[in-house]
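**Student:** Here it is, the structure in full.
The numbers here are math on the coordinates, done by the rules we state, and not lab data. Just so you know, these numbers come straight off a predicted model, no measurement behind them. Here the Cβ positions follow ideal geometry from the backbone for every residue, glycine too, while neighbour counts run over all protein chains shown.
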Amino acid sequence: MLDARRLLSALLSTSLLFIGCTERLVFEDSGSLAPEDDDDPPADDGDEPPTDDDGDLPPGDTDSPVPDDDDVDPPAECVDLVLPGVGLPSGVAGELRPGMSRFQPSCVTSISSEVTVSFTAPYDGTFVFDTAGSSFDTILYALGPNCEAPELACNDDANGSLAASITLPLAGGETVVLVVDSFGADGVWSLEVSDGGSCPGLDLGSDPEVFLEGVIDPDGMNSVTPSCAGAGGDVTYAWTPPFSGRFRFTTSGSSFDTVLAVYGADCTSELACNDDALGDTSSTIDLDVAEGVPVTVAVDSFDGTGGSYSLAIFPT
């Protein structure tokens, strides 16, 4: 009987020991770190950019901003507006208000404020700029891309009206600044650019005497803007003097009121201009020219009607 009690006591002690060990193991498993874990921070997973010993980016990397790949330069600070160079003819308009006069045209004195308009030629060509549709007597002249001298062209009254017009041969990508000015009046202004066609249109060679006839389309290309008058379509000819001396250029015998102008080879530098001569509506210019130096002869009409014309060149 005694042995049975001892055996039962031994069994109970063993069970309690086993239960205590079990409870301790459960506590460790649920509230303690595993034996292989520690409290060190996790290893770098490679998401952060690598650095060198100084904390900078490795060689070849930079934190500079990506360069702008836009090749179009912004307009100069002196420019008020931009005249579109695509989809010709194109134009801009606005209102001229009293203000400070920044520039002074060469063809007439102005005491008014002005507006500056930048234009970039979309291709090589001759371009005509005019202020037709403006509500006041305009002056139009052209400066360099930063509004700098020398002045490229200037016009006050064109085509028998108070509008102004100039013609410029430009290379593709070349930029000029057009200045719309006035004698002092304010109001609504308009500026349009159109393709003036090739200038000169035909080459007469270097014959000492030239006699030809043709027809001007009043709605044709307006390649030049003579300073003395002229409207509508015109025709232009290249001619190279065979020797130095004075030559006469005349439209005598034409069927309409002509305007005649002689330019340098670039169709821009006007050498002489005439509207009516010899007591009629024909035009005549006597001009000293140099051997081998080409000039451009332009036949225009006073009121834009056009028609049949005659052109003669001969020494005097």
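**Student:** Within region 296-316, find all residues whose amide N lies under 18 Å from a label point positioned 7 Å from the Cα of ALA290 along Cα-to-beta-carbon.
**Tutor:** Output list for this probe position: 296-297.
**Student:** Say each of SER135 and LEU278 gets a label point 7 Å from the Cα, pointing the same way as Cα to Cβ; how far apart are those two points in nm?
**Tutor:** Using points 7 Å along Cα→Cβ, the separation is 4.6 nm.
**Student:** Now for a different question. Excluding THR284 itself, calculate the net charge of residues whose Cβ lies under 11 Å from the Cβ of THR284, where each Lys or Arg counts +1 and each Asp or Glu counts -1.
**Tutor:** Surrounding charge for THR284 is -3.
**Student:** Take the alpha carbon gyration tensor of region 104-156, find the square roots of its eigenvalues, order them as a ≥ b ≥ c, and report rounded if a/c is under 1.5; if not, report prolate when a/b exceeds b/c, else oblate.
**Tutor:** Oblate.
**Student:** For VAL92, what is the net charge nearby, where nearby means another residue's Cβ is under 11 Å from its Cβ and Lys, Arg count +1, Asp, Glu -1?
**Tutor:** -2
**Student:** Within 10 Å of each residue's Cβ, count the other Cβ atoms and sort ASP181, ASP276 from fewest upward.
**Tutor:** So the residues, fewest neighbours to most, are ASP276, ASP181.
**Student:** At ASN146 and PHE243, where each label point lies 7 Å from the Cα along Cα→Cβ, what is the point-to-point distance in nanometres?
**Tutor:** Taking the two extended label points, one gets 4.9 nm.
**Student:** A further question follows. Tell me which GluC sites (Glu not before Pro) from region 90-192 have a DSSP coil assignment and no more than 16 other beta carbons within 10 Å of their own.
**Tutor:** Filter output for region 90-192: GLU148, GLU151, GLU174.
**Student:** So how much slack lies between CYS78 and ALA93, counting 0.36 nm per residue of separation and subtracting their Cα-Cα distance, in nm?
**Tutor:** The CYS78-ALA93 span can extend by a further 3.6 nm.
**Student:** Mind sorting SER112, SER198 by how few other Cβ atoms lie within 10 Å of their own Cβ, fewest first?
**Tutor:** SER198, SER112
**Student:** If you don't mind, there's one more thing I want to ask. Test of understanding: what is the full-extension gain from SER161 to GLU213, defined as 0.36 nm times their sequence separation minus their Cα-Cα distance?
**Tutor:** Separation in residues times 0.36 nm, less the Cα-Cα distance, equals 15.9 nm.
**Student:** Can you compute the FRET efficiency between ALA312 and ILE111 using 1/(1 + (r/R0)^6), with r the Cβ-Cβ distance and R0 = 51 Å? Round to the nearest 0.05.
**Tutor:** Taking R0 as 51 Å, the efficiency between ALA312 and ILE111 is 0.70.
**Student:** How much length would be gained if the chain were fully extended between THR305 and SER198, taking 0.36 nm per residue of separation minus their Cα-Cα distance, in nm to one decimal?
**Tutor:** Extra length from THR305 to SER198 when fully extended: 36.4 nm.
**Student:** Right, next: Test of understanding: extend the Cα→C-beta vector of ASP266 to 7 Å, then name every residue of region 168-184 with backbone N under 17 Å from that spot.
**Tutor:** 168-178
**Student:** Using the Karplus curve 6.51 cos²θ - 1.76 cosθ + 1.60 with θ = phi - 60°, work out ³J(HN,Hα) for each residue of region 247-259 in order, rounded to whole Hz, and write x for Gly and Pro.
**Tutor:** 10, 9, 10, 8, 10, 4, x, 6, 8, 9, 6, 8, 10
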